[in-house]
1. Considering 97, 105, which residue is farther than 29 Å from residue 30 by Cβ and either modelled with pLDDT under 90 or open to solvent by less than 50 Å² (accessible area, probe 1.4 Å) (or both)?
2. Taking only region 69-110 into account, find how many residues are in contact (Cβ under 8 Å) with a residue 12 or more places away in the chain and hydroxyl-bearing (Ser, Thr, Tyr).
3. Given (1) at pLDDT 80 or above; (2) surrounded by 14 or more Cβ atoms within 10 Å (Cβ to Cβ), where does residue 186 come up short, assuming only one miss?
4. Looking for whichever is on the phi > 0 side of the Ramachandran plot and either modelled with pLDDT of 75 or more or of a type outside the set (A, V, I, L, M, F, W, C) (or both) here; the options are 83, 78, 17. Which one fits?
5. Among the residues of region 171-183, which ones are closer than 20 Å to residue 59 by Cα and either part of a loop (DSSP other than H, G, I, E, B) or open to solvent by less than 20 Å² (accessible area, probe 1.4 Å) (or both)?
6. Quick check on my filter: what residues within region 111-123 are surrounded by fewer than 18 Cβ atoms within 10 Å (Cβ to Cβ) and in contact (Cβ under 8 Å) with a residue 24 or more places away in the chain?
7. Residues that are open to solvent by 40 Å² or more (accessible area, probe 1.4 Å) and either more than 30 Å from residue 97 (Cβ to Cβ) or of a type in the set (Lys, Arg) (or both): does region 211-222 have at least one?
Amino acid sequence: MAAICMREFISLFKSIRSIIIIAVLLGVTLGTAKLMSNFSGELSEMGLDSPYIAGLTGLLMLAGPLFVMSLSHDTVNREAHSRTMRFLVTKISINRIVLGKFLGIMLFWSVCLFISIILLIPFAKAFYAKELIETMCYMSYFVTLALFLSSVIRKPGLSLFIGMVVSIALPLLGFWGAFTETKVVLIAFSYITPYFYISQESTNFVYFIPLLSSVLLGLSLLLSKKRDY
(Lines give C-alpha, C1' and ligand atoms only; values in the text may rest on other atoms or scores of the structure.)
Protein backbone atom coordinates (compact mmCIF):
# COMPACT_ATOMS: atom_id res chain seq x y z
CA MET A 1 0.00 0.00 0.00
CA ALA A 2 2.92 2.34 0.75
CA ALA A 3 4.28 1.73 -2.74
CA ILE A 4 0.89 2.59 -4.31
CA CYS A 5 0.72 5.72 -2.14
CA MET A 6 4.16 6.95 -3.19
CA ARG A 7 3.52 6.07 -6.84
CA GLU A 8 0.33 8.15 -6.85
CA PHE A 9 2.00 11.03 -5.00
CA ILE A 10 5.05 11.11 -7.28
CA SER A 11 2.91 10.92 -10.45
CA LEU A 12 1.01 14.01 -9.29
CA PHE A 13 3.90 15.95 -7.77
CA LYS A 14 6.66 15.42 -10.32
CA SER A 15 4.78 17.13 -13.14
CA ILE A 16 4.36 20.86 -13.71
CA ARG A 17 0.85 20.58 -12.28
CA SER A 18 2.09 20.87 -8.70
CA ILE A 19 4.02 24.05 -9.53
CA ILE A 20 0.98 25.55 -11.24
CA ILE A 21 -1.30 24.70 -8.30
CA ILE A 22 1.10 26.19 -5.74
CA ALA A 23 1.57 29.30 -7.89
CA VAL A 24 -2.21 29.73 -8.27
CA LEU A 25 -2.81 29.20 -4.54
CA LEU A 26 -0.11 31.71 -3.61
CA GLY A 27 -0.92 34.29 -6.28
CA VAL A 28 -4.68 34.34 -5.76
CA THR A 29 -4.27 34.31 -1.97
CA LEU A 30 -1.92 37.32 -2.02
CA GLY A 31 -4.12 39.20 -4.48
CA THR A 32 -7.29 38.51 -2.50
CA ALA A 33 -5.59 39.39 0.78
CA LYS A 34 -4.60 42.76 -0.63
CA LEU A 35 -8.21 43.47 -1.61
CA MET A 36 -9.59 42.20 1.71
CA SER A 37 -7.13 44.08 3.92
CA ASN A 38 -9.54 47.02 4.01
CA PHE A 39 -12.31 44.84 5.45
CA SER A 40 -10.57 43.42 8.52
CA GLY A 41 -13.59 44.17 10.75
CA GLU A 42 -15.97 42.24 8.54
CA LEU A 43 -13.52 39.34 8.31
CA SER A 44 -13.25 39.16 12.10
CA GLU A 45 -17.04 38.92 12.37
CA MET A 46 -16.89 35.94 10.01
CA GLY A 47 -14.25 34.26 12.17
CA LEU A 48 -11.43 35.00 9.72
CA ASP A 49 -8.67 36.86 11.50
CA SER A 50 -6.34 37.01 8.50
CA PRO A 51 -7.06 38.19 4.95
CA TYR A 52 -4.51 35.63 3.76
CA ILE A 53 -6.48 32.74 5.20
CA ALA A 54 -9.70 34.30 3.89
CA GLY A 55 -8.19 34.38 0.40
CA LEU A 56 -6.86 30.83 0.57
CA THR A 57 -10.01 29.27 2.00
CA GLY A 58 -12.21 31.24 -0.41
CA LEU A 59 -10.22 29.95 -3.36
CA LEU A 60 -10.33 26.36 -2.14
CA MET A 61 -14.05 26.48 -1.40
CA LEU A 62 -14.81 27.59 -4.95
CA ALA A 63 -12.02 26.06 -7.03
CA GLY A 64 -10.80 23.22 -4.80
CA PRO A 65 -13.31 20.72 -6.25
CA LEU A 66 -12.21 21.62 -9.78
CA PHE A 67 -8.55 21.18 -8.88
CA VAL A 68 -9.12 17.75 -7.36
CA MET A 69 -11.43 16.44 -10.07
CA SER A 70 -9.21 17.61 -12.90
CA LEU A 71 -6.22 15.76 -11.42
CA SER A 72 -7.81 12.65 -9.89
CA HIS A 73 -11.05 11.95 -11.75
CA ASP A 74 -9.53 8.79 -13.27
CA THR A 75 -7.36 7.59 -10.42
CA VAL A 76 -9.06 4.16 -10.35
CA ASN A 77 -10.65 3.71 -13.77
CA ARG A 78 -7.40 4.75 -15.49
CA GLU A 79 -5.73 1.65 -14.08
CA ALA A 80 -8.67 -0.51 -15.18
CA HIS A 81 -8.82 1.08 -18.64
CA SER A 82 -5.11 0.48 -19.26
CA ARG A 83 -5.42 -3.04 -17.77
CA THR A 84 -2.77 -2.20 -15.19
CA MET A 85 -5.27 -3.10 -12.49
CA ARG A 86 -5.25 -6.76 -13.59
CA PHE A 87 -1.56 -6.92 -12.78
CA LEU A 88 -1.85 -4.95 -9.54
CA VAL A 89 -4.59 -7.14 -8.06
CA THR A 90 -2.35 -10.18 -8.43
CA LYS A 91 0.17 -8.51 -6.12
CA ILE A 92 -2.01 -6.62 -3.66
CA SER A 93 -5.70 -6.51 -2.69
CA ILE A 94 -7.98 -4.01 -4.39
CA ASN A 95 -8.76 -2.40 -1.02
CA ARG A 96 -5.08 -1.68 -0.45
CA ILE A 97 -4.78 -0.24 -3.96
CA VAL A 98 -7.68 2.18 -3.39
CA LEU A 99 -6.45 3.12 0.09
CA GLY A 100 -2.95 3.67 -1.28
CA LYS A 101 -4.30 5.98 -3.96
CA PHE A 102 -6.34 7.89 -1.39
CA LEU A 103 -3.29 8.38 0.83
CA GLY A 104 -1.14 9.39 -2.16
CA ILE A 105 -3.61 12.05 -3.30
CA MET A 106 -4.04 13.34 0.26
CA LEU A 107 -0.26 13.52 0.62
CA PHE A 108 -0.02 15.51 -2.61
CA TRP A 109 -2.56 18.09 -1.43
CA SER A 110 -1.02 18.22 2.05
CA VAL A 111 2.38 19.03 0.55
CA CYS A 112 0.94 21.62 -1.88
CA LEU A 113 -1.01 23.40 0.86
CA PHE A 114 1.89 23.18 3.30
CA ILE A 115 4.27 24.77 0.78
CA SER A 116 1.70 27.47 -0.02
CA ILE A 117 1.28 28.36 3.66
CA ILE A 118 5.05 28.32 4.18
CA LEU A 119 5.42 30.79 1.29
CA LEU A 120 2.81 33.02 2.94
CA ILE A 121 4.89 33.43 6.10
CA PRO A 122 6.99 36.42 4.83
CA PHE A 123 3.75 38.27 4.02
CA ALA A 124 1.45 37.16 6.85
CA LYS A 125 4.17 36.89 9.53
CA ALA A 126 2.47 33.73 10.84
CA PHE A 127 2.19 30.02 10.21
CA TYR A 128 -1.42 28.83 10.05
CA ALA A 129 -1.20 25.24 11.33
CA LYS A 130 -4.84 25.01 12.47
CA GLU A 131 -6.10 26.36 9.16
CA LEU A 132 -3.91 23.87 7.28
CA ILE A 133 -5.59 20.99 9.13
CA GLU A 134 -9.04 22.44 8.49
CA THR A 135 -8.43 22.90 4.77
CA MET A 136 -7.20 19.31 4.54
CA CYS A 137 -10.42 18.15 6.22
CA TYR A 138 -12.30 20.04 3.52
CA MET A 139 -10.16 18.72 0.66
CA SER A 140 -10.50 15.12 1.89
CA TYR A 141 -14.18 15.23 0.91
CA PHE A 142 -13.39 15.92 -2.74
CA VAL A 143 -10.51 13.47 -2.84
CA THR A 144 -12.83 10.68 -1.72
CA LEU A 145 -15.57 11.95 -4.05
CA ALA A 146 -13.12 11.71 -6.97
CA LEU A 147 -12.24 8.16 -5.88
CA PHE A 148 -15.94 7.29 -5.67
CA LEU A 149 -16.72 8.64 -9.15
CA SER A 150 -13.67 6.89 -10.59
CA SER A 151 -14.85 3.63 -9.01
CA VAL A 152 -18.39 3.99 -10.36
CA ILE A 153 -17.58 5.25 -13.87
CA ARG A 154 -15.52 2.97 -16.07
CA LYS A 155 -14.45 5.43 -18.79
CA PRO A 156 -11.88 8.13 -17.84
CA GLY A 157 -13.34 10.60 -20.34
CA LEU A 158 -16.81 10.27 -18.85
CA SER A 159 -15.52 10.55 -15.29
CA LEU A 160 -13.76 13.79 -16.29
CA PHE A 161 -16.98 15.26 -17.69
CA ILE A 162 -19.13 14.22 -14.73
CA GLY A 163 -16.41 15.28 -12.30
CA MET A 164 -16.32 18.76 -13.80
CA VAL A 165 -20.11 19.07 -13.65
CA VAL A 166 -20.19 17.88 -10.03
CA SER A 167 -17.33 20.17 -8.99
CA ILE A 168 -19.21 23.19 -10.35
CA ALA A 169 -22.69 22.24 -9.17
CA LEU A 170 -21.77 20.99 -5.70
CA PRO A 171 -20.45 24.32 -4.30
CA LEU A 172 -23.46 26.19 -5.70
CA LEU A 173 -26.04 23.75 -4.31
CA GLY A 174 -24.11 23.21 -1.09
CA PHE A 175 -23.88 26.91 -0.23
CA TRP A 176 -27.47 27.50 -1.33
CA GLY A 177 -28.68 24.72 0.96
CA ALA A 178 -26.48 25.88 3.84
CA PHE A 179 -27.91 29.42 3.82
CA THR A 180 -31.50 28.90 2.68
CA GLU A 181 -34.32 28.55 5.18
CA THR A 182 -37.14 27.56 2.83
CA LYS A 183 -35.82 24.88 0.44
CA VAL A 184 -36.13 21.72 2.53
CA VAL A 185 -34.55 19.47 -0.10
CA LEU A 186 -31.52 21.74 -0.45
CA ILE A 187 -31.15 22.01 3.32
CA ALA A 188 -31.13 18.21 3.59
CA PHE A 189 -28.67 17.98 0.69
CA SER A 190 -26.28 20.43 2.36
CA TYR A 191 -25.83 18.01 5.27
CA ILE A 192 -23.99 15.57 2.98
CA THR A 193 -21.71 18.30 1.61
CA PRO A 194 -18.88 20.09 3.44
CA TYR A 195 -20.52 23.48 2.91
CA PHE A 196 -23.03 23.13 5.74
CA TYR A 197 -20.21 22.46 8.21
CA ILE A 198 -17.88 25.24 7.06
CA SER A 199 -20.74 27.75 7.14
CA GLN A 200 -21.31 27.27 10.88
CA GLU A 201 -20.07 29.86 13.37
CA SER A 202 -17.85 27.37 15.19
CA THR A 203 -14.90 26.06 13.18
CA ASN A 204 -15.15 22.78 15.13
CA PHE A 205 -17.89 21.68 12.71
CA VAL A 206 -15.19 21.34 10.04
CA TYR A 207 -13.98 18.19 11.80
CA PHE A 208 -17.26 16.46 10.91
CA ILE A 209 -16.25 16.54 7.24
CA PRO A 210 -13.81 13.58 7.55
CA LEU A 211 -16.82 11.49 8.62
CA LEU A 212 -18.44 12.21 5.23
CA SER A 213 -15.11 11.46 3.57
CA SER A 214 -14.96 8.11 5.39
CA VAL A 215 -18.39 7.17 4.04
CA LEU A 216 -17.35 8.01 0.45
CA LEU A 217 -14.08 6.12 0.90
CA GLY A 218 -15.96 3.11 2.25
CA LEU A 219 -18.32 3.16 -0.75
CA SER A 220 -15.33 3.39 -3.10
CA LEU A 221 -13.73 0.35 -1.45
CA LEU A 222 -16.99 -1.59 -1.66
CA LEU A 223 -17.61 -0.76 -5.33
CA SER A 224 -14.01 -1.43 -6.36
CA LYS A 225 -14.07 -4.80 -4.61
CA LYS A 226 -17.20 -5.85 -6.52
CA ARG A 227 -15.90 -4.81 -9.93
CA ASP A 228 -14.41 -7.33 -12.32
CA TYR A 229 -10.95 -6.23 -13.41
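1. Unique residue meeting the criteria: 97.
2. Adding up the residues that qualify gives 4.
3. All conditions are met except number (1).
4. One residue alone meets the criteria, 83.
5. Of everything in region 171-183, those that are closer than 20 Å to residue 59 by Cα and either part of a loop (DSSP other than H, G, I, E, B) or open to solvent by less than 20 Å² (accessible area, probe 1.4 Å) (or both) turn out to be 171, 174, 177.
6. Correct list: 111, 115, 119, 123.
7. no
The values are calculated or read from the model by the stated rules, or taken from the named source; none is laboratory data. In this text the structure is predicted, and so the values were computed from the model without any measurement. Heads up, the Cβs are rebuilt from the backbone with ideal geometry, glycines too, and the neighbour counts pull from every protein chain shown. Remember, those area values only see protein heavy atoms, side chains included, never the ligands or the DNA or RNA. Shrake-Rupley method; radii C 1.70, N 1.55, O 1.52, S 1.80 Å.
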